[in-house]
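Peer 1: Dropping the structure in here first, questions after.
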Amino acid sequence: MPYYIGDVVKSHEALIARTPEKFESSGVKVMQEVEVTGIDYKGGWVEISRGERKFFDVLVFATGAKVVTPEIEGINQPGVFFLRNLEDAIAIKKWIKDQGVKRAVILGGGFIGLEMAESLRTAGMQVTILHRDNLPAKRWNPEFSHWMRDTLHEKGVEFVPRINVTGIGKEETGNLRVQTTEGDWEAEIVIIATGVRPEVSLARSIGVNIGKTGAIAVDFGQRTSLINVYAVGDCSEVFHRVSKKWVNFPLGDIANKQGRVAGRNIGGRPLVFEGIVGAQSFRLFDLECAATGLSEKEAEEAGFSPISTIVWGSATAKALGRRRLGLQLIADRSSGKLLGAQAVGLAGAVGRINALSVALWSGMNLDQIGYLDFAYAPPFGPAWDIVHVAAQTLKRMI
Ligand SMILES: Cc1cc2nc3c(=O)[nH]c(=O)nc-3n(C[C@H](O)[C@H](O)[C@H](O)COP(=O)(O)OP(=O)(O)OC[C@H]3O[C@@H](n4cnc5c(N)ncnc54)[C@H](O)[C@@H]3O)c2cc1C
């Protein structure tokens, strides 16, 4: 969606994975612009916004997540947008075009705020990110977040840390004025990217168990606590294979897998969803940013005794020029097993994190990772890849 808003992707149709017609052709009836307003679980029906009842044998909650709306005066006025779905993206792009937007303020420096900043800046706008914390992308190690912040500045995006937005007013010119504890910013558009939380109100209303995370508790087949009721995607929990805890991890690839698993189980071809290791990536201008597993802090919270190192290297062999790449590995001090990894680089970060996700999935230790068989050729890295170097370095520290 950010790339559509920034006009890198020209048409919103390119973002539609499957049209209602395509669904219909495979026997799935799609009712659009309909909201489920109530559920009678015992009666086996849902009430929809047109006042109709729809009967079910099996019910699947795929209600996603809702945006966290900060309590800021003036947040509900034209020109202030949340970005959650394609309709939001279409509305934002239209506003930018119709109003000839030149200045944008983004509230929140998480991965969505950062992706939006890149897109709007690339489309020629003056962009400011107002962020509550010190550095962008909270999940990442501060060394990597510093690089992200410096990249924002190099590309002409203003990043303002440690700031509280107190209100959004309107100028006589019609422009928006974002008021903060550190002064005001004027803009023609304000985008709120301050996070999401699972949408579970309907599930709660029929007594489905909600987990500690605030998302719907499920088993490894996506079944909820009620018979014939399933939950998938951002509204549900998922098993984290490293922390061994049920977590809420609102990402699209996980939602896709959970949906498939629930469908298989409902359809009588049983399938188990074995969980996640927490892999995630995004791009920020020239930077690839990726992470998997647990951060050092998360590892501590999960009861491990973590140790970590950051290694700086290159995504290519030295003779082919340097493409800066940083990798952090986090391991358990007592077992030497990998617990997590993060990488930021001008190339090669996502590939390495994907490889390390597989290592995490199979419970590898640093000795094994230090000698993993990777495809070596100079354009893609040195013979001793940064993954080998980091694993061997960390092993020596234990
Ligand atoms: C800007 C942006 C960028 C993202 N980038 C990435 C990325 O790069 N990689 C990644 O893995 N993930 C990404 N995500 C997250 C990803 O989009 C979500 O994880 C994914 O869409 C979740 O799918 P879902 O089906 O669970 O929920 P959703 O896609 O949110 O769908 C839930 C649907 O249920 C509907 N609904 C809710 N309640 C009712 C009701 N009562 N009646 C009827 N309908 C209802 C909602 O309107 C919504 O259409 C991004 C998200 C955003 C906003």
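The values are calculated or read from the model by the stated rules, or taken from the named source; none is laboratory data. Keep in mind the model is a prediction, meaning the values are calculated, not measured. All Cβ positions, glycine included, derive from the backbone under ideal geometry; neighbour counts span all protein chains shown.
Peer 1: So for segment 267-283 (the condition being over 19 Å from the mean Cα position of the chain (by Cα), assigned to a helix (DSSP H, G or I), surrounded by fewer than 17 Cβ atoms within 10 Å (Cβ to Cβ) and away from the ligand (no atom under 12 Å from the Cβ)), does at least one residue qualify?
Peer 2: Step one: list which residues in segment 267-283 are over 19 Å from the mean Cα position of the chain (by Cα), which gives 267-274.
Cutting the leftovers down to assigned to a helix (DSSP H, G or I) gives us 267.
Going one step further and asking which of them are surrounded by fewer than 17 Cβ atoms within 10 Å (Cβ to Cβ), we end up with 267.
If we keep only those that are away from the ligand (no atom under 12 Å from the Cβ) as well, we get 267.
Looking for residues that are over 19 Å from the mean Cα position of the chain (by Cα), assigned to a helix (DSSP H, G or I), surrounded by fewer than 17 Cβ atoms within 10 Å (Cβ to Cβ) and away from the ligand (no atom under 12 Å from the Cβ), one finds at least one in segment 267-283, hence yes.
Peer 1: Do we find that ALA187 is touching a helix residue (DSSP H, G or I) at 6+ places or on another chain (Cβ under 9 Å), surrounded by 14 or more Cβ atoms within 10 Å (Cβ to Cβ) and closer than 30 Å to GLY109 by Cβ in this structure?
Peer 2: no
Peer 1: Before we move on, is ILE254 hydrophobic (A, V, I, L, M, F, W, C) and closer than 30 Å to ARG121 by Cα?
Peer 2: Taking the combined requirement at face value, the residue satisfies it.
Peer 1: Separate question: Out of the helices (runs of 4 or more DSSP H) lying entirely within segment 292-398, which hold 2 or more residues that are crowded, with 23+ Cβ neighbours inside 10 Å?
Peer 2: Passing ranges, in order: 349-361, 366-370, 386-397.
Peer 1: For segment 57-74, state whether one or more residues are hydrophobic (A, V, I, L, M, F, W, C), loosely packed, with under 15 Cβ neighbours inside 10 Å and more than 30 Å from ALA291 (Cα to Cα).
Peer 2: yes
Peer 1: Quickly run through segment 170-217 and pick out the residues that are assigned to a strand (DSSP E or B), farther than 30 Å from LYS94 by Cα and over 20 Å from the mean Cα position of the chain (by Cα).
Peer 2: Within segment 170-217, the subset assigned to a strand (DSSP E or B) is 170, 176-180, 183-187, 189-192, 196-198, 210, 216.
If we keep only those that are farther than 30 Å from LYS94 by Cα as well, we get 210, 216.
Listed by number, the list holds a single entry, ILE210.
Peer 1: Only one residue in LYS257, LYS297 is of a type in the set (Lys, Arg), out of contact with any helix residue (DSSP H, G or I) (no Cβ under 6 Å at 6 or more places or on another chain) and modelled with pLDDT of 95 or more, so which one is that?
Peer 2: Exactly one of LYS257, LYS297 is of a type in the set (Lys, Arg), out of contact with any helix residue (DSSP H, G or I) (no Cβ under 6 Å at 6 or more places or on another chain) and modelled with pLDDT of 95 or more, namely LYS257.
Peer 1: From GLY207, GLY174, GLY195, grab the single residue that is on the phi > 0 side of the Ramachandran plot and modelled with pLDDT of 95 or more.
Peer 2: Details: GLY174 fails: modelled with pLDDT of 95 or more; GLY195 fails: modelled with pLDDT of 95 or more.
None of the other options fit; the residue is GLY207.
Peer 1: Any residue at all in segment 357-378 that is among the acidic types (Asp, Glu), at pLDDT 95 or above and out of contact with any Phe, Trp or Tyr (no Cβ under 6 Å at 6 or more places or on another chain)?
Peer 2: Yes, the conditions are met somewhere in segment 357-378.
Peer 1: Only residues that are assigned to a loop (DSSP other than H, G, I, E, B) and among the β-branched types (Val, Ile, Thr): list them for segment 54-81, please.
Peer 2: Hits for segment 54-81 are VAL58, THR63, VAL68, THR69, ILE72, ILE75.
A quick yes/no check of all residues on (1) closer than 17 Å to LEU271 by Cβ; (2) in a loop (DSSP other than H, G, I, E, B); (3) away from the ligand (no atom under 12 Å from the Cβ):
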{"position": "ILE227", "(1), (2), (3)": "no, yes, yes"}
{"position": "ASP234", "(1), (2), (3)": "no, no, no"}
{"position": "PHE239", "(1), (2), (3)": "yes, no, yes"}
{"position": "ASP253", "(1), (2), (3)": "yes, no, no"}
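Peer 1: How many of the residues in segment 22-42 are within 15 Å of LEU202 (Cα to Cα) and either more than 9 Å from the ligand (Cβ to nearest atom) or surrounded by 12 or more Cβ atoms within 10 Å (Cβ to Cβ) (or both)?
Peer 2: 8
Peer 1: Which helices (runs of 4 or more DSSP H) sit wholly inside segment 85-154 and have at least 3 residues that are surrounded by fewer than 20 Cβ atoms within 10 Å (Cβ to Cβ) and more than 16 Å from the ligand (Cβ to nearest atom)?
Peer 2: 86-99, 142-154
Peer 1: Among the residues of segment 306-344, count how many are within 25 Å of the chain's Cα centre (by Cα), closer than 19 Å to LYS244 by Cα and free of Cβ contacts under 8 Å to residues at least 60 places away in the same chain.
Peer 2: Residues flagged as within 25 Å of the chain's Cα centre (by Cα), closer than 19 Å to LYS244 by Cα and free of Cβ contacts under 8 Å to residues at least 60 places away in the same chain within segment 306-344 amount to 4.
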